[in-house]
1. Pairs only if they're at least six apart or on different chains, beta carbon under 7 angstrom, first in region 242-254 and in contact (Cβ under 8 Å) with a residue 60 or more places away in the chain, second in a helix (DSSP H, G or I); list them, first residue then second.
2. Six or more apart or on different chains, Cβ atoms under 6 Å: show the pairs whose first residue is in region 264-292 and at negative phi and whose second is assigned to a loop (DSSP other than H, G, I, E, B) and not polar (S, T, N, Q).
3. Does any residue in region 145-163 that is without any contact (Cβ under 8 Å) to a residue 60 or more places away in the chain and of a type outside the set (Phe, Trp, Tyr) come within less than 6 Å, Cβ to Cβ, of a residue that is surrounded by fewer than 19 Cβ atoms within 10 Å (Cβ to Cβ) and part of a loop (DSSP other than H, G, I, E, B) six or more places away or on a different chain, and which pairs are these?
4. Can you tell me which residue within region 54-91, out of those that are in contact with a strand residue (DSSP E or B) (Cβ under 6 Å, 6 or more places away or on another chain) and within 15 Å of ALA120 (Cα to Cα), is modelled with the lowest pLDDT?
5. Report yes if some residue within region 267-275 is open to solvent by 40 Å² or more (accessible area, probe 1.4 Å), farther than 18 Å from PHE167 by Cα and assigned to a loop (DSSP other than H, G, I, E, B); otherwise report no.
6. State yes or no: is ALA215 without any contact (Cβ under 8 Å) to a residue 12 or more places away in the chain and either small (Gly, Ala, Ser) or touching a helix residue (DSSP H, G or I) at 6+ places or on another chain (Cβ under 6 Å) (or both)?
7. Do you know which residues across region 37-53 are among the aliphatic types (A, V, I, L, M) and either touching a helix residue (DSSP H, G or I) at 6+ places or on another chain (Cβ under 9 Å) or at pLDDT below 95 (or both)?
Amino acid sequence: MKKIIIFLISTVVLAVGAVSCSDDKVSSTSIFIDSDETWNEFDEWLEYNYRLPYNISFKYKMEDIESNTEYNLVPADYMKSAQMAKLIKFLFLDVYDEIAGVDFTRSYVPKVFHCIGSAAYNPSQNTMVLATAEGGLKITIYYINNLDPYNVASLNYYYFNTIHHEFFHILHQTKDYQQEFKTISAENYLSSSSWNNGTEAAASSLGFVSKYARASYNEDFVETMSRYLTRTEAEWDAWLAQGSAEGTAIIYRKLQLCREYMADTWNIDLDNLREIVQRRQTELHEIDFDNI
């Protein structure tokens, strides 16, 4: 390696010497050509619905630097990306605008949403990555090409539970929640590689709102809120019913701490937030998903 470096330096010196001895005049024409990308209708829509009000970049074109090279991924479909952008605006950004104001939303939501067409599979754990978050600044959403904009259960399962989940991570990493929450189920947390081994009924009986909530107390905290927001009343009751009375009591104790945290720290009523999410989920038929 040392010889290669020396050889390269020698070559550069020779090249500089050749240029300095030449009588050729330097051309005023640049060899680098600026490539101004032409905006389409979707780009225009994103400008006025994402960048200007929130300073958010919504990336739907495949960029290697933005993608995880550990997976074999497929670019997001144009129309599916546009549908997802409308859904995130209506079911996420507008929700927090309504409950807390645009200044709150602008201050704390991630600044990059990145769409990937295919799923990201983890065969070692037999799981599918639904979304990833990076330092509270970027959320990557997978499986976009399978999006059904009117199927609320599917939207929450594949996308919006995870989006709210990651947003609550941003909030508690900004201002931490109560120590008491971290101790309630301390003996029942599993490692990040084994949380998927148990059953849903077991998780509910132990006082968790999902199997993934057993991964750590931080995951438990954000899952408690995100599942509460996105599940309908019937879905919430069905989850509790498969468990035990003791598990239900634990879940409601955790939920009460979540209510106190959101009210005391962010001046947000968690139950009012849920009402907004649930109402908007019933209003999706009012959105035109076939046109930009």
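1. ILE250/ILE184; ARG253/ILE184; LYS254/PHE181; LYS254/ILE184; LYS254/THR224
2. Between residues of region 264-292 that are at negative phi and residues that are assigned to a loop (DSSP other than H, G, I, E, B) and not polar (S, T, N, Q), the close pairs are THR265/LYS175; LEU284/TYR150; PHE289/PRO149.
3. From residues that are without any contact (Cβ under 8 Å) to a residue 60 or more places away in the chain and of a type outside the set (Phe, Trp, Tyr), the pairs are SER154/ASP148.
4. In this case the residue turns out to be GLU66.
5. no
6. no
7. Residue satisfying the conditions is LEU46 alone.
Residue-by-condition table, conditions (1) open to solvent by less than 20 Å² (accessible area, probe 1.4 Å); (2) farther than 16 Å from LEU171 by Cα:
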residue: SER216; (1), (2): no, yes
residue: THR230; (1), (2): yes, yes
residue: TYR252; (1), (2): no, yes
residue: LEU257; (1), (2): yes, no
residue: GLU283; (1), (2): no, yes
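The values are calculated or read from the model by the stated rules, or taken from the named source; none is laboratory data. Keep in mind that this is a model prediction, so the values were computed, not measured. Note: ideal-geometry Cβ built from the backbone for every residue, glycine included; neighbour counts use all protein chains shown. Just the protein is used for accessible areas: all its heavy atoms, side chains included, with ligands, DNA and RNA removed. Shrake-Rupley method; radii C 1.70, N 1.55, O 1.52, S 1.80 Å.
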